[in-house]
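Trainee: Questions regarding the structure given below will be posed in turn.
The values are calculated or read from the model by the stated rules, or taken from the named source; none is laboratory data. Quick caveat: nothing in here was measured; it's all calculated off a predicted structure. Positions of Cβ are backbone-derived with ideal geometry, glycine not excepted, and every protein chain shown enters the neighbour counts. Only protein heavy atoms, including side chains, enter the accessible area calculation; ligands, DNA and RNA are left aside. Shrake-Rupley method; radii C 1.70, N 1.55, O 1.52, S 1.80 Å.
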Amino acid sequence: MKILKWIIVVLLVIIGVLLIFSATQPDQTKVEESIVIDSQPSQIYNEIIDFRTWGNWSVWNQMDSNMTSEYSEEIGVVGASSEWESKIAGDGRQEIVELRPNEYIKTMLQFNGWEGKNYSEFILTETDGETELVW
């Protein structure tokens, strides 16, 4: 009986430590990549704001040649969107939510079957005729 009490106490302590650890962790995750491109920010910006061109460079589009996409009538403005269906990348929707011409693009991503919204940002900085793109 004494061993059972100790086992319960140890389990409660472990659970308490895990709960405290979980409560102190951030509720957001940030993953960042960057590349320097020998091009003007305006060219890169125009490529990113037009969802119809993403098939030329997006790794997700290249992973699934059978991916189908539908686009909003308006392209390159806040509210412009793309919806896709893919057996490999999953199904979802992406919408432009913020723009600063030739500098910044923010999109909201919603994946079918997942709760909540995710955001992606594209930041363009020109230096000596080249553009650093951080996403």
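Trainee: Determine whether region 118-131 contains at least one residue that is within 18 Å of PRO41 (Cα to Cα), at pLDDT below 90, open to solvent by 70 Å² or more (accessible area, probe 1.4 Å) and not in a strand (DSSP E or B).
Mentor: Yes: one or more hits.
Trainee: Something else now. Please pick out the residue among ILE35, ILE75, ILE44 that is outside any strand (DSSP E or B), closer than 30 Å to THR127 by Cβ, touching an Asp or Glu at 6+ places or on another chain (Cβ under 9 Å) and at pLDDT 85 or above.
Mentor: The match here is ILE75.
Trainee: Same structure again: How about region 86-103: which of its residues are open to solvent by 20 Å² or more (accessible area, probe 1.4 Å) and assigned to a strand (DSSP E or B)?
Mentor: Those that are open to solvent by 20 Å² or more (accessible area, probe 1.4 Å) and assigned to a strand (DSSP E or B): ARG93, GLU95, VAL97, GLU98, LEU99, ARG100.
Trainee: Sticking with this one: Filter region 40-61 down to the residues that are farther than 19 Å from ASN102 by Cβ and under 17 Å from the mean Cα position of the chain (by Cα), then identify the one that is surrounded by the most Cβ atoms within 10 Å (Cβ to Cβ).
Mentor: Looking at residues that are farther than 19 Å from ASN102 by Cβ and under 17 Å from the mean Cα position of the chain (by Cα), I get ASN61.
Trainee: Residues of region 56-71 being without any contact (Cβ under 8 Å) to a residue 12 or more places away in the chain and either over 19 Å from GLU33 (Cβ atoms) or in a loop (DSSP other than H, G, I, E, B) (or both), which ones?
Mentor: Hits for region 56-71 are TRP57, SER58, SER65.
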